[in-house]
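No value in this document is a laboratory result; all are computed from the given coordinates. In this text the structure is predicted, and so the values were computed from the model without any measurement. Heads up, the Cβs are rebuilt from the backbone with ideal geometry, glycines too, and the neighbour counts pull from every protein chain shown.
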Amino acid sequence: MTALFVSDLHLDASRPAATDCFLRFLAGPARDAGTLYVLGDLFEAWIGDDAAGPHERAILDALRRYTKAGYRCFLLRGNRDFLVGDLFAADTGVGLLADETRIELAGNQALLMHGDTLCTDDRSYQAYRRLVHRPAVQTLYLALPVRVRSGLAAYARRRSMAANAGKSAAIMDVNPSAVVDALRRHAVSLLIHGHTHRPAVHALEVDGRAARRIVLGAWYEQGSVLHWTTAGPELRNLSFG
Ligand code: MN
């Protein structure tokens, strides 16, 4: 049994090397596994399932070919692609997961998250997240013309970049108590997430028990994939070239 985990690919038409790498991955190495989990931010931006352009369509087609070939793929939405919805799922055969999902992984109970909700020290981001996750706000936004949605998304990204430039690295990392709370809430000793772009396997202790937090890497200079085999977890890089 092998499960693969990726996150934070931030696929965008402006970075074709990352998209090519993911398409090659889906057609090749991802087929050595039974299940592929995408833990958020597959796309740099997702402004609605009805707004997919040619770049997005190529990725949807590749995902559909992957699931049609009998491989299972699940996606947990990130802070960039939280508007991925039912049409995307129907188009691709990819199963959508709740923001906090517990799975069984070779006898381990694992909690999957994108990771943004663990960054509780970033108060302004958490306030923004609460706003854009309101169903009424999403309904209003998705009713706007694609051109207007696109402009608003670009504005939000510029605001976020400007705000992040003034935030310390510690504020934008996970809060240790939020990690412990999540592990306790789901009664697990393993958490897999992305978002912070700091790939690592962290050992910690929760209520006297050993626990692990595995962080996936971003696909900027290279791809990053967590392989979970019977031998355990291993973070591997995928070359863009
Ligand atoms: Mn993210």
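Summing Lys and Arg as +1 and Asp and Glu as -1 over all other residues whose Cβ lies under 10 Å from the Cβ of Asp41 gives a net charge of -2.
Beta-bridge orientation, the chain: approximately 55 percent antiparallel, per DSSP, counting only bridges with both partners inside.
Both radii were evaluated on the Cα set of the chain; the Rg over Rh quotient, with Rh as the Kirkwood radius, amounts to 0.95.
For the range 163-241, averaging the sequence separation of C-alpha pairs within contact (under 8 Å, six or more residues apart) and dividing by the residue count gives a relative contact order of 20 percent. Compactness check for the range 1-72: Cα Rg over 2.2 N^0.38 Å is 1.07. For the range 186-241, taking the reciprocal of the average inverse distance between every pair of different Cα atoms yields a Kirkwood hydrodynamic radius of 12.4 Å. Legend: translational diffusion of the range 56-190 by Stokes-Einstein, Rh = Kirkwood radius over C-alpha pairs, 20 °C, 1.002 mPa s; D = 125 µm²/s. Averaging the Cα positions of each part gives two centres, and for the range 179-237 and the range 85-112 these lie 16 Å apart.
A cut-off under 14 angstrom between Cβ atoms defines the neighbours of Ile214, and their net charge, with Lys, Arg +1 and Asp, Glu -1, is +2. Taking every pair of alpha-carbon atoms in the range 21-63, give the share separated by more than 15 Å as a whole percent. That tail contains 48 percent of the Cα-Cα pairs. Taking GluC sites (Glu not before Pro) across the range 170-241, the ones in a DSSP loop with at most 14 further Cβ atoms lying within 10 angstrom of their Cβ are Glu221.
Put simply, the C-alpha atoms of the range 48-107 give a gyration tensor, and the ellipsoid matching it has half-axes of 21, 16, 8 Å, longest first.
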